[in-house]
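Each remark here refers to the structure printed beneath this line.
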Amino acid sequence: MSSDARKKTLVRKRVIDWYSEHGRDFPWRHTTDPYQILIAEMLLRRTTASAVSRVFNDFVTRFDTPERLARAHESTISRALASLGLQSLRAKQFKKTASIIMKEYNGEIPKSHENLQSLPGIGAYIASAVRNFAYGEATPLVDGNVIHFISKVFGIQFRGPTDKKAWEFVAKFGGSHETGLYWGIIDLVATICLKRNPRCPICPLSKVCEWYTNK
Ligand code: SF4
């Protein structure tokens, strides 16, 4: 195994081990229901996980199927999301997405990347998240947090979450399916590998992190 492959394996293991002990607990991490995962990922856009966790259970209880969401009035959906902000926009998008799922996919959340991405407001990240967390597929996940983490630990710069090279790198780094890897990265960036003042001395990657070891 090359030293590059060894480092990827080591980083993966440390993130997964750290996550199993210190990972944050959110309701959408206890389900593999594709509808609930899709709702969670749509809510998490431009919103903190702790804010979403305050409305998530009520939302998926009240609108428990795509059918119920498609039939709901936009104003009712909007009121349920008022504490998150952007509620009118979100309500419009939820209703439209649920209506398409009912009409074109018989109420089932699509599985393919292409079909997921054809839904309103669903980009590459959310499509990959649904495939990973709901359908158990080992598909790469790239967003600003993942890019931040990779650039620190491996010293590689990417243009942003749409950079093809970032997706190629994460496809190799991600390895076989492991939800703890991505949730671990999300939680590390939220609690330790902070963008302004990373808390390197308590980081599980401190001995292998390119940025910290070359400081
Ligand atoms: S050692 Fe520091 S910079 Fe590197 S991953 Fe950990 S917190 Fe981030």
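For the reader, a short list of remarks on this structure follows.
- For the chain, alpha-carbon Rg and Dmax in angstrom: 18.2, 57
- Counting only Cβ charges, +1 for Lys and Arg and -1 for Asp and Glu, the dipole size of the stretch 12-146 around its Cα centre is about 340 debye.
- Centroid-to-centroid separation of the stretch 146-215 and the stretch 81-100 [C-alpha atoms, Å]: 31
- Surface listing: 213, 191, 47, 61 arranged by accessible area from highest to lowest gives 61, 213, 191, 47, probe 1.4 Å.
- Taking θ as phi - 60° and the Karplus parameters 6.51, -1.76 and 1.60, the scalar couplings of the stretch 62-69 work out to 6, 10, 7, 9, x, 5, 5, 5 Hz in sequence order, x denoting glycine and proline.
- Cα-only radius of gyration and Dmax that characterise the stretch 167-207, units Å: 11.7, 32
- Volume per residue of the convex hull around the Cα atoms, evaluated for the stretch 33-133, comes out as 85 Å³.
- Note on residue 20: accessible area approximately 90 square angstrom, rounded to 10, probe 1.4 Å, nucleic acids and ligands left out.
- Each principal axis of the Cα cloud of the stretch 49-100 was taken in turn, and the coordinate range along them, longest first, works out to 29, 20, 15 Å.
- Across the stretch 33-133, C-alpha contacts under 8 Å between residues 6 or more apart give a mean separation that, scaled by the residue count, equals a relative contact order of 31 percent.
- Accessible surface of the chain [probe 1.4 Å, protein heavy atoms]: carbon and sulfur percent: 49
- Note on residue 5 and residue 172: the extension gain reaches 59.2 nm, defined as 0.36 nm multiplied by sequence separation minus the Cα-Cα distance.
- Proximal lysines to residue 195, defined as alpha-carbon separation beneath 30 angstrom and excluding residues fewer than eight positions away on the same chain: 7, 8, 13, 152, 164, 165, 172, 207, 215
- Potential lengthening of the chain between residue 31 and residue 118 amounts to 28.9 nm, from the contour at 0.36 nm per residue minus the alpha-carbon distance.
- Nearest-0.05 FRET efficiency for residue 21 and residue 208, computed from C-beta distance (R0 22 Å): 0.75
- When only the Cβ of Lys, Arg, Asp and Glu is charged (+1, +1, -1, -1), the dipole of the stretch 74-157 relative to its Cα centre reaches about 260 debye.
- Per-pair calculated FRET efficiency, R0 = 35 Å: residue 92 and residue 197 via Cβ, rounded to 0.05: 0.40
- The stretch 33-133, accessible area per residue, ligands and nucleic acids excluded (1.4 Å, Å²): 49
- Its relative contact order, with pairs defined as Cα atoms under 8 Å and 6+ residues apart, puts the chain at 23 percent.
- In the chain, the longest principal axis of the Cα atoms and the axis of helix 3-22 are about 60 degrees apart.
- The chain - mean residue ellipticity at 222 nm from DSSP helices (-39,500 (n - 2.57) per run, n ≥ 4, rounded to 500): -18500 deg cm²/dmol
- With Cα atoms, 0 to 90° folded angle of helix 34-44 axis to the chain main axis: 70
- Computed accessible area, residue 167, all protein chains, 1.4 angstrom probe, square angstrom: 50
The values are calculated or read from the model by the stated rules, or taken from the named source; none is laboratory data. Everything numeric here is computed off the predicted structure, so don't read it as measured data. In this analysis, Cβ positions are derived from the backbone assuming ideal geometry, glycine residues included, and neighbour counts consider all displayed protein chains. The area values use the complete protein model at the heavy-atom level, side chains included, leaving out ligands, DNA and RNA. Shrake-Rupley method; radii C 1.70, N 1.55, O 1.52, S 1.80 Å.
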